[in-house]
Amino acid sequence: MSDKIVRLFDRPADALRAVDRLEAMGVKEGDISIVANNREEWYGDDGLRHDRLHAQKRGVKDDDLDGKDDRVEGAADGATTGGVIGGGVGLLAGLGMLAVPGLGPVVAAGWLASTAVGAAVGAATGGLVGGIVGALTHEGIDKKDAEIYAESIRRGGSVVIVRNHDKRRAEIEAALSDYNSTEAGIRGDYYRSGGWNGYDAGAPDWTASQIENERASTAAYRPAPRN
């Protein structure tokens with residue numbers, strides 16, 4: 001059984017805030033990795049989050065990048081969230097963009113991303129995503145779970161993984177749960193309920209509209225009770 005902690009997030013902003021929280025808790029930057037879908041172009045070549053800039057041009061305050069005006073939502077932590085989304089320090093300062101067949105564009109940082117890129121060099125198909133599955137399984141994570149994490153990225157999500165957590169698993173898992181994270185088992189049940197049979201590196205990229213529709217579907221999904 002792997003001692004790594006892996007969680008997936010439907011919205012990149014949640015994953016970014018989770019990473020920032022982990023670092024604030026004292027988890028070392030070198031022990032955290034993030035890989036996030038960038039089909040919605042929330043991250044650009046200049047490091048700015050385009051969705052936030054576009055929102056500002058429309059007169060909308062949307063620091064959490066959820067497509068809704070924070071003032072309408074009554075977001076009390078907008079200033080703090082804006083600082084996190086801007087990155088610029090810690091792990092988030094190292095975010096970089098990559099194009100991945102089957103996933104579309106992604107943004108990644110950390111040890112797992114570096115390992116996955118190295119594993120993918122020379123591969124005919126799969127690109128970074130194949131490398132991610134391989135990197136996760138190499139770290140002791142079950143291959144079925146690794147495929148779920150890869151599929152979640154393809155569908156617009158983000159994955160955060162923590163290693164060397166120094167017996168702070170419960171504390172770290174609780175912190176990640178504060179940012180709408182999901183585990184592989186729950187998300188795998190949802191995927192299979194729609195006929196998914198496993199990750200396919202050759203599957204087409206998802207569009208931004210498909211990603212947003214998927215988020216609505218996952219939010220509405222209620223798993224059947226386990227016997």
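The values are calculated or read from the model by the stated rules, or taken from the named source; none is laboratory data. Just so it is clear, the model here is predicted, and its values are computed rather than measured. When we count neighbours, we look across all protein chains shown, and the Cβ atoms used for this are built from the backbone with ideal geometry, even at glycine.
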**Message:** Out of everything in region 164-208 that is modelled with pLDDT of 90 or more and of a type in the set (Lys, Arg), what residue ends up being farthest from Arg39 (Cα to Cα)?
**Reply:** Arg168
**Item:** Lone unmet requirement of (1) more than 16 Å from the chain's Cα centre (by Cα); (2) surrounded by 14 or more Cβ atoms within 10 Å (Cβ to Cβ) for Val133
**Value:** (1)
**Request:** Within region 186-199, track down each residue that is more than 17 Å from the chain's Cα centre (by Cα), under 11 Å from Glu147 (Cβ atoms) and surrounded by 14 or more Cβ atoms within 10 Å (Cβ to Cβ).
**Result:** Trp196
**Message:** Show the residue pairs meeting these rules: Cβ distance below 7 Å; 6+ apart or different chains; first residue within region 137-148 and more than 14 Å from Ile5 (Cα to Cα) and in a helix (DSSP H, G or I); second residue aliphatic (A, V, I, L, M) and at pLDDT 90 or above.
**Reply:** Ile148/Ala184
**Top-ranked residue of region 149-185 - restricted to ones that are farther than 14 Å from Lys4 by Cα, of a type in the set (A, V, I, L, M, F, W, C) and touching a residue at least 60 places away in the same chain (Cβ under 8 Å), ranked as surrounded by the most Cβ atoms within 10 Å (Cβ to Cβ)** = Ile153
